Amino acid sequence: MPNTTTPTSALRALGVDADTYGPTVNTGVSPRYVEVLGRALAEELRASNAETLVIWSTPDEAVLAHAVALQLGATVRRASEVEGILTLDEPIAEGRRAALVATRWEGRWLAKLREFVIGSGGELVAAAAVVGSEALDDVTGLPTAALVPAHEAEELRR
């Protein structure tokens, strides 16, 4: 029997909570639902030919990004900020096609990571999220995607 779980149903089952760099899905609830979100985000990103996914380094975002990366054959780079200094766990090779991935993008975190990836030599090709946001809607010059519109996700908040 094929998997008919929608991203909205998966999000409802997993739930979203606050984390260091913004909201994250509760990936520990169900690997199956994380896989649903990973497959759907991968389909949204496939046309970008992203080779690397860049996330803010939290455990739940890492699990989500790896589910997406598995579908795309991409690598994952984790960014963090300590006392205003941004770092990546591994450098992005010059010119490597990179996409930003998150549960939900918030303005300052999206802008910082976007600038950082470009400044690190990566070619930024897309930004995607499980949940839409004003920050993602405001992005120009870059393809964006959200699986669940922000207004629908508000209805799912626990």
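The one condition from (1) open to solvent by 10 Å² or more (accessible area, probe 1.4 Å); (2) in contact with a strand residue (DSSP E or B) (Cβ under 6 Å, 6 or more places away or on another chain); (3) at pLDDT 95 or above that Leu37 does not meet is (1).
The sole residue among Val54, Val76 that is surrounded by 18 or more Cβ atoms within 10 Å (Cβ to Cβ), in contact with a Lys or Arg (Cβ under 6 Å, 6 or more places away or on another chain) and either touching a residue at least 60 places away in the same chain (Cβ under 8 Å) or assigned to a strand (DSSP E or B) (or both) is Val54. Residues in segment 123-155 that are closer than 18 Å to Val76 by Cβ and open to solvent by less than 10 Å² (accessible area, probe 1.4 Å): Ala126, Ala127, Ala128, Ala129, Val130.
Counted as qualifying within segment 83-158 are the helices (runs of 4 or more DSSP H) with 3 or more residues that are closer than 24 Å to Val29 by Cα, namely 150-156.
Restricting segment 91-108 to residues that are in contact with a strand residue (DSSP E or B) (Cβ under 6 Å, 6 or more places away or on another chain) and either more than 25 Å from Leu147 (Cβ to Cβ) or charged (D, E, K, R) (or both), the residue that is surrounded by the most Cβ atoms within 10 Å (Cβ to Cβ) is Arg104.
Select from segment 6-30 the residues that are in a loop (DSSP other than H, G, I, E, B) and free of Cβ contacts under 8 Å to residues at least 24 places away in the same chain and write down the one among them that is nearest to Leu113 (Cα to Cα).
Ala18
Of the set (1) crowded, with 23+ Cβ neighbours inside 10 Å; (2) in contact with a Phe, Trp or Tyr (Cβ under 7 Å, 6 or more places away or on another chain), all apply to Ala65 but (2). With respect to the conditions (1) surrounded by fewer than 21 Cβ atoms within 10 Å (Cβ to Cβ); (2) at pLDDT 95 or above; (3) closer than 21 Å to Trp109 by Cα, Arg46 lacks only one, and its number is (3).
The values are calculated or read from the model by the stated rules, or taken from the named source; none is laboratory data. Computed from a prediction, not measured in an experiment: that's the story for all the values here. Cβ: placed from backbone, ideal geometry, glycine included. Neighbour counts: every protein chain shown. The accessibility values were calculated without ligands, DNA or RNA, using every heavy atom of the protein model including side chains. Shrake-Rupley method; radii C 1.70, N 1.55, O 1.52, S 1.80 Å.
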